[in-house]
1. Hey, what does the equivalent ellipsoid look like for the range 70-216, semi-axes from the Cα gyration tensor as sqrt of 5 times each eigenvalue, largest first, whole Å?
2. Please compute the Kirkwood hydrodynamic radius over the range 331-425, one decimal place, Å, based on all pairs of different Cα atoms.
3. Return the FRET efficiency for the residue pair residue 313, residue 282: r is the Cβ-Cβ distance, R0 is 25 Å, and the value is rounded to the nearest 0.05.
4. Separation between the residue 541 and residue 498 pseudo-spin-labels, each 7 Å from Cα along Cα→Cβ, expressed in nm?
5. Could you work out how far apart the two model spin labels at residue 294 and residue 192 are, taking each label as a point 7 Å from the Cα in the direction of the beta carbon, and quote it in nm?
6. Can you pick out the pairs among 515/560; 388/515; 127/500; 96/127 whose Cα atoms lie more than 27 Å from each other?
7. At q = 0.12, 0.21, 0.23 Å⁻¹, what is the log10 ratio I(q)/I(0) for the range 119-197, with the Debye formula run over Cα points and no solvent?
8. Mind jotting down the distance between the C-alpha centroids of the range 235-297 and the range 102-132, whole Å?
Amino acid sequence: MASATERSRGRVVSGVVLAVVAWSSLVAYGQSDMAIASLATDRGRHEPGGVAVITASVINRGNQDFDGQFVVTWRRLGVECHRVDQAVHVAAKQSKTITIDWMIPADDFVGYGIDADLVAGDAVAAKASTALDASSSWRRFPRYGFVTDYDARLTQNEIITRTALMTRLHLSAIQFYDWMEAHDEPVPRGFDGGDDRWRDWAGREIDSRVLMQRIGSVRAHGMHAMAYALVYGAAARPDGQGPRRPEWAAYRKPNQTAAATVSAHPENAEQPILHVMDMSNQAWRDHLLDRLDTSTKLLGFDGLHLDYLGPRKRYPRGGDIAIDEKAALPAFVAATRTRNPERQLAVNDVAGHLCRELANSEADIYYTEVWGRETYQALRDTILDAKKASSSPDRAVVLAAYVQKREPPAEGWISDAAARLLDAAIFANGGYHLEMGEGDEMLTNEYFPNRNLRIRPSLRESMPSYYDVLVRCQNALSFAPYGQVVDRTPEADISSPSHKLNKNAQSESIWTVAKSVAGHHDAVSLINLNGVDAEWRNASDPPITQQHVSLRYRPTLTVKSVAAFTPDDGLGRPLSLPFETATDGSITFVLPRLEYWTVLVFEGSSP
């Protein structure tokens, strides 16, 4: 069998800067004329044992040719596992595209860091980093994104560019929001998978050709295409007087049959967006699933993202006993799974109302739209509550948490600091965040096409590094194939003689979140809340950077190495930290700098 090095093949190709140049992890050193403008893999999720293509764009801005080495290192957490070193020549004022094929090890559910250095002699001229998730399923690490645009004016090149940007974030599943003509009739009757156009409930044009191209594009890059569907949404009759099938409807009050008393959204509107049907009604369920089965198969979707509008008391037609949503929604999910056991499934637990029921449903992940839990600590509680409620400790938790939803800024820009702290809070606690899509858009509203707030270039530049660290550290933060990741924040023995620490996300301190995998490693996240408040929806100034953080930590294992990972340097590479071990088994060390979020990983073995 060939060695890993022999199986990797490096190729240098003249070319232009990749589409992902806007989201590069770029660090140019000193006055160097060289830069690695982009570094990316070809898929959001890779199959273990498969081949990954790593592509870099190298730019020479100087007046002299560059001759040096292009060095790429792969790491599992802080440990090097593979390296490629090849000569590279870049003419003055030119760029090159370098591609390297890497045979991925067969180990499943592993996150890797990929670090590229452009070296001339003993000097590093430029650096860039990315990451790679090698997993046979998206369920363990559901980095969830979204798309909303299916207009005929969207070109193939634009589709490719947007997919490349989402791939750079290592997204593993994409929710296709509002792709249907009507919630209960997703595609026009007679649609056969060919070219067609229709308008959604809001009047936006849907071009079937563009929709299918977008589905095919994300699937080709290792991401699952999930079709949004509302479990009880129905369009109105042509005359506007109630739903087309009132016998399947849900009513606002008991013992009702009149069209005017059908539950609708929004309630009491002259022309509601949709009417609410009884999701426990077998005929309604069969109708909707029949239509979804047909349309999603024609369009090429991998799965369904089931939504509902949140808890409310509703009644079946003519009935006086309220619909039991706690039984009806999991039953709807189970019926969906029974029809197609291989289909990917997600379901929205609005505000955590059905946490226990949906955390144990047939859905592949636990997904909740966060309402009413406004602090960073409440987000941690949301994730831990779902983990505790689930009979499967490996079930991943995804939060749809809309930053700045409460008080959108008048200037129209998303707060960089608020977005970065929000991701740090979710990722450090082992959760995932539905936030990024359409290439470089960030969600701030439950209606995904809403674009009232935009993402600044500075935030656009920082997001890939946050997702890089999420992937690099996924086996320390959320799931490890060699043992269960356990949250041990309450009992973790960690202190600092130089800085205030706390375990409850309090302002004016460093929030510590601790995890461990028995006999393998510990991980402690440090989140800087100095100079910021503890409510995650608020706009925020950047936290006050902390310098020379002295730490004492009593690990669960015999420590062999300590590495610090932070997305805030634009790279996310492991920084090896020297440490001293005391007679009581605790270790002391100094973290040079804490900006937003740093993950400390302590690798070793059982004592």
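1. In descending order, the three semi-axes are 41, 20, 11 Å.
2. 14.7 Å
3. On the way: r = 21 Å, r/R0 = 0.84.
Efficiency for this residue pair is about 0.75.
4. Those two pseudo-labels are separated by 2.3 nm.
5. Result: 1.4 nm between the two label points.
6. Values: 515/560 17 Å; 388/515 15 Å; 127/500 34 Å; 96/127 15 Å.
Violating the 27 Å Cα-Cα cut-off are 127/500.
7. Taking Cα atoms of the range 119-197 as identical point scatterers yields -0.59, -1.09, -1.14.
8. Value for the Cα centre distance between the two parts: 53 Å.
Readers should treat all values here as calculations from the given coordinates under stated rules, not as data from a laboratory. Small disclaimer: the values here were computed from a predicted structure and weren't measured. A quick note on method: Cβ atoms are made from the backbone with ideal geometry, for glycine too, and the neighbour counts reach across all protein chains shown.
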